[in-house]
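Enquirer: Take a look at this one; I'll ask things after.
The values are calculated or read from the model by the stated rules, or taken from the named source; none is laboratory data. Just so it is clear, the model here is predicted, and its values are computed rather than measured. All Cβ positions, glycine included, derive from the backbone under ideal geometry; neighbour counts span all protein chains shown.
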């Protein structure tokens, strides 16, 4: 199936509240959800159900027709020709991103407490640590959170892992791109703030010709 004509250059985002009612998922997804703890099962059902709901509206098909393959703990995939999907959740919201090209998204509460100095020292590359060295207090916390979001989104774009790749992604404090210092990947980074949420969206340069559209549900 070809991409929707009005979506060839679009990087679309949807933000769903966690208290939203659950949407239908596939029988296979129901089986996967049944093997999870109560908290993770609801999280799983919500993310898969709302990915299907969002893409059904984009593609103008029923939600259960969306060829989504997203077992627990694995990067979500769509069938060839249906574009690329990424999603992220925090305690009270779910972020879904779709693009005709590879995409990665990450979401956190802006007020999430973090051990900023420790995180940066342990997990950030030397250049990114150096860019943070003049910051203190809330400014350091905010900058580390921004970088963490960008790095996680980049790893999702890469289909990599936090353990293997986090320290290799360089993105700076205010940079609009990220670079994997070992593999040479270079991608656009778009940062978004809405109410109490902070988001990072990573994609190939050509997919970022327009700013991502954030749909609030």
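Enquirer: In this structure, does residue 192 turn out to be at pLDDT below 95, closer than 22 Å to residue 51 by Cα and either surrounded by 12 or more Cβ atoms within 10 Å (Cβ to Cβ) or in contact with a helix residue (DSSP H, G or I) (Cβ under 9 Å, 6 or more places away or on another chain) (or both)? Spell out how you get there, then give the answer.
Expert: Details: at pLDDT below 95: yes; closer than 22 Å to residue 51 by Cα: yes; either surrounded by 12 or more Cβ atoms within 10 Å (Cβ to Cβ) or in contact with a helix residue (DSSP H, G or I) (Cβ under 9 Å, 6 or more places away or on another chain) (or both): yes.
Yes; evaluated as a whole, the condition is true for this residue.
Enquirer: Any chance segment 7-28 includes a residue that's modelled with pLDDT of 95 or more, more than 13 Å from residue 217 (Cβ to Cβ) and assigned to a helix (DSSP H, G or I)?
Expert: The answer is yes, given that some residue of segment 7-28 is modelled with pLDDT of 95 or more, more than 13 Å from residue 217 (Cβ to Cβ) and assigned to a helix (DSSP H, G or I).
Enquirer: Looking at segment 158-179 only, could you name the residues that are surrounded by 18 or more Cβ atoms within 10 Å (Cβ to Cβ) and over 17 Å from residue 143 (Cβ atoms)?
Expert: Hits for segment 158-179 are 158, 160, 165, 168, 179.
Enquirer: Can residue 108 be described as modelled with pLDDT of 95 or more and within 20 Å of residue 194 (Cα to Cα)?
Expert: In short, yes.
Enquirer: If you don't mind, there's one more thing I want to ask. Scan segment 182-197 and report the pairs whose first residue is on the phi > 0 side of the Ramachandran plot and whose second residue is part of a loop (DSSP other than H, G, I, E, B), with Cβ atoms within less than 9 Å and a gap of 6+ or a chain change.
Expert: From residues that are on the phi > 0 side of the Ramachandran plot, the pairs are 195/110.
Enquirer: Return a yes/no flag: does segment 202-210 have any residue that is surrounded by 13 or more Cβ atoms within 10 Å (Cβ to Cβ), outside the structural domain of residue 17 (by TED's automatic domain parsing) and under 19 Å from residue 121 (Cα atoms).
Expert: Looking for residues that are surrounded by 13 or more Cβ atoms within 10 Å (Cβ to Cβ), outside the structural domain of residue 17 (by TED's automatic domain parsing) and under 19 Å from residue 121 (Cα atoms), one finds none in segment 202-210, hence no.
Enquirer: Further question: Which residue, of 70, 56, is touching a residue at least 40 places away in the same chain (Cβ under 8 Å), farther than 23 Å from residue 196 by Cβ and surrounded by 15 or more Cβ atoms within 10 Å (Cβ to Cβ)?
Expert: After applying the criteria, what remains is 70.
Enquirer: Continuing with the same structure: Can you confirm whether residue 173 is in contact with a helix residue (DSSP H, G or I) (Cβ under 9 Å, 6 or more places away or on another chain) and assigned by TED's automatic domain parsing to the domain that holds residue 51?
Expert: Criteria not met by residue 173.
Enquirer: Then there's this: Consider residue 117 against the criteria (1) outside the structural domain of residue 17 (by TED's automatic domain parsing); (2) closer than 30 Å to residue 68 by Cα: it satisfies all of them except one. Which criterion is unmet?
Expert: (2)
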